[in-house]
1. I'd like the Karplus ³J(HN,Hα) series for region 26-35: coefficients 6.51, -1.76, 1.60, θ = phi - 60°, whole numbers in Hz, and an x wherever there's a Gly or Pro.
2. Across region 84-95, in residue order, what do the Karplus-derived ³J(HN,Hα) couplings come to in whole Hz, using 6.51 cos²θ - 1.76 cosθ + 1.60 with θ = phi - 60° and x for Gly and Pro?
3. So if R0 is 22 Å, what FRET efficiency would GLU116 and ASP143 give, r being the distance between their Cβ atoms, rounded to the nearest 0.05?
4. Can you send over the solvent-accessible area of ASP78, 1.4 Å probe, protein chains only, in Å² to the nearest 10?
5. Using a 1.4 Å probe, how large is the accessible area of GLU70, given in Å² and rounded to the nearest 10?
6. Work through the residues other than ALA37 whose Cβ is under 13 Å from its Cβ and net out their charges, Lys, Arg +1 and Asp, Glu -1.
7. Could you calculate the contour length gain from ASP125 to LYS58, that is, 0.36 nm times the residue separation minus the distance between their Cα atoms, to one decimal place in nm?
8. Give the separation of the Cα centroids, region 1-41 to region 52-109, in Å.
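The values are calculated or read from the model by the stated rules, or taken from the named source; none is laboratory data. Note that the structure is a prediction, hence the values are computed from the model and not measured. No Cβ is skipped: glycine too gets one built from the backbone with ideal geometry, and neighbour counts run over all protein chains shown. For accessibility, only protein heavy atoms count, side chains too; no ligands or nucleic acids. Shrake-Rupley method; radii C 1.70, N 1.55, O 1.52, S 1.80 Å.
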Amino acid sequence: MKNKNVIIYPGSFDPFTKGHYDLVKRGLDIFDHIFIAVLENPRKNCLFSVDERIELIKSYTEDDERVVVESFKGLLVDYLKRKDVNLVMRGMRMLSDFEYEFQMSLTNRKLYNDFEAIYLVPSPDCLFVSSSVVKEIAKNKGDIS
């Protein structure tokens, strides 16, 4: 039986933003525990190392024992099976996010019949925050506060 009070929040989180944290806080209103699963993918050109991304996320969540931050390699569905969890949480800001998430959900369900996803829309003040925008501003020495 799958753990119904736990959700996995997977992503590259390069970097973890206020928008990501907004979803974590709101997810904790629904679930007892969240595993923030940081994807370790050497083919992806990340600005921050996996360890740096984990430390950044922990700086947001360190006071909350309901949140566990760890990395994973390989397929998300394999990570879910190891955790005995079938539910993931994802954020959805735009229509383009829907198209990508829809495709990923169908693929994951094909690989893991029990796979389910819950999508949260960010709070209005975080709606246009994305890791790629934050990285671009930072690379050009802009204000990312």
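1. Residue by residue, region 26-35 yields 6, x, 6, 6, 9, 10, 6, 9, 10, 9 Hz.
2. Values per residue, Gly and Pro as x: 6, 10, 10, 10, 10, 10, 9, x, 9, 9, 10, 4 Hz.
3. 0.05
4. Estimated to the nearest 10 Å², ASP78 gives 70 Å².
5. My reading of the accessible area for GLU70 is about 50 Å².
6. Result for the neighbourhood of ALA37: +3.
7. Numbers: separation 67, 0.36 × 67 = 24.12 nm, distance 2.21 nm.
Gain in length upon complete extension: 21.9 nm.
8. 6 Å
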